[in-house]
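As structure tokens, the structure follows; a few thoughts come after it.
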Amino acid sequence: MKILELLQCWEESADGKLTDEEYKIRLPLEDAAKIQALAELYPRRSISEIITELLSAALTDVETSLPYIRGDTVVAVDELGDPLYEDVGPTPRYLSLTKKYLDDYRNNPQETH
């Protein structure tokens, strides 16, 4: 979800499954002030929801920004017959680790990670 979509979502409502695990963070003063300002602009969103949803949007941006590094192995051919090469950059490892931890959360929802 992009930030613009997130803001549109805040105008309505948002929900999704949450872990039982909580994270305690300390924010720089400027960021805390920005969070408070957003909470006042969008009073139907709690500060916790705002932080959670901003973090989710930022992680989506990180994922789409990970660099593609072309490997030597052809993994497919596109509709024009051009070869598609494996990605040897951080994206496949990131996606694999994300799947691993998501499966872990789903299979062991009460455990702290």
Can you name every one of the helices (runs of 4 or more DSSP H) wholly within the stretch 1-103 that holds 3 or more residues which are touching a Lys or Arg at 6+ places or on another chain (Cβ under 8 Å) and surrounded by 12 or more Cβ atoms within 10 Å (Cβ to Cβ)? 47-65
Here's a check for you: in the stretch 58-74, which residue that is without any contact (Cβ under 8 Å) to a residue 12 or more places away in the chain and of a type in the set (Gly, Ala, Ser) is farthest from Tyr94 (Cα to Cα)? Ala58
Quick one: Tyr68 ticks every box in (1) out of contact with any strand residue (DSSP E or B) (no Cβ under 6 Å at 6 or more places or on another chain); (2) closer than 23 Å to Lys2 by Cβ except a single one, so which number is it? (1)
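Test Thr98 against the stated conditions and say whether it is β-branched (Val, Ile, Thr), on the phi < 0 side of the Ramachandran plot and at pLDDT 90 or above. Reasoning before the result, please.
Working: β-branched (Val, Ile, Thr): yes; on the phi < 0 side of the Ramachandran plot: yes; at pLDDT 90 or above: yes.
Yes.
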Among the residues of the stretch 32-48, which ones are farther than 30 Å from Pro109 by Cβ and under 21 Å from the mean Cα position of the chain (by Cα)? Ala32, Lys34
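The values are calculated or read from the model by the stated rules, or taken from the named source; none is laboratory data. All values derive from a computational prediction rather than experimental measurement. We place every Cβ from the backbone using ideal geometry, glycine too, and count neighbours over all the protein chains shown.
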